[in-house]
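Okay, so here's the structure we're looking at.
The values are calculated or read from the model by the stated rules, or taken from the named source; none is laboratory data. No experiment lies behind these values; they were computed from the predicted model shown. Note that we place each Cβ from the backbone using ideal geometry, even for glycine, and neighbour counts take in every protein chain shown. The protein model used for the area step is the full one, side chains on, heavy atoms only, and it has no ligands, DNA or RNA in it. Shrake-Rupley method; radii C 1.70, N 1.55, O 1.52, S 1.80 Å.
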Amino acid sequence: MKNLTQEQLSKEGKQQVCIRYTSYRRFTFIGLNISVHPKHWNDNKKQVKATEPHHIRYNQLIKEQYHKAESIILDNFLKPLPVTEFISKLKDKYYGNADFYVFIEQELELIKSAPSPRTMDNYHNLINKMKEWKPTLTFGEITLEYIQRFHDYEIKTGNLLSTIYKKHANFKFLLGLAQNKEYIDKNPYDKFEIKKITKAQNSDILTEEELKKL
């Protein structure tokens, strides 16, 4: 259950949003590091009201943590976890992870010594740009349609096609890492053409031979 703590955390009177967990007749409130004023909290819907400027992001984070808590409880339904162990799993960002960004940042740490520093910068810049468009991204959401919508978004922002296709090439490579680890069955880029753009348009793009290696 999602609640506001009774503890006043700031001079503005904000209170922390928390999850209440009960196990073996012992309960605890686990803070989510989100504090809001009580007037911005809808206790019936257990979410932040639209009157709070950051309500969309807050509610998204609350929803993610709540679903993760539910998943942990179901995974241990027959033998409920003690409070301390439950909190440990809830705070473990890799537990039950289905978020592409979390996965790929971990993978890039493992291969950071292989690609050139410039290539690694391109990967990180791509992820940061994608987060601006979509803060969270599950593996199930990565479809051919998603790639096309990302392409359309890049065009609307005014990027050159050479830049856009370089991003596609990098995204294809990153999805290949996920496919190798069996997070996805197929790479959606198998059905999306990454067109050849000459280096005259952009010196920081992949060559045709480089594309074939992806």
With the 1.4 Å probe rolled over protein heavy atoms, the range 1-155 has an accessible area per residue in Å² of 63 Å²
For the range 133-190 and the range 15-87, what is the centre-to-centre distance using only Cα atoms, to the nearest Å? 31 Å
Cross-link pairs beyond the 25 Å C-alpha cut-off, checked among Lys45/Lys156; Lys14/Lys79; Lys11/Lys63; Lys134/Lys181; Lys46/Lys181: Lys45/Lys156; Lys14/Lys79; Lys11/Lys63; Lys46/Lys181
Compare Tyr66, Tyr165, Tyr183 by solvent-accessible area with a 1.4 Å probe and give them largest first, with all protein chains kept in place. Tyr183, Tyr66, Tyr165
With a 1.4 Å probe and all protein chains left in place, how much of the accessible area of the range 25-119 comes from carbon and sulfur atoms, in whole percent? 53 percent
Per the charge dipole of the range 9-114 (beta-carbon charges, Lys/Arg positive, Asp/Glu negative, Cα centre), the residue among Val102, Thr22, Thr84 reaching farthest to the positive end is Thr22
What full-extension length gain, to one decimal in nm, is calculated for Arg149 and Arg25 as 0.36 nm per residue of separation minus the Cα-Cα distance? 39.8 nm
Pop the C-beta distance of Met120 and Leu160 into the FRET formula with R0 = 22 Å and round what comes out to the nearest 0.05. 0.50
Once amide H atoms are built 1.01 Å from N in the peptide plane, which residues 5 or more positions from Ser35, or in another chain, come under 5 Å H to H? Val17
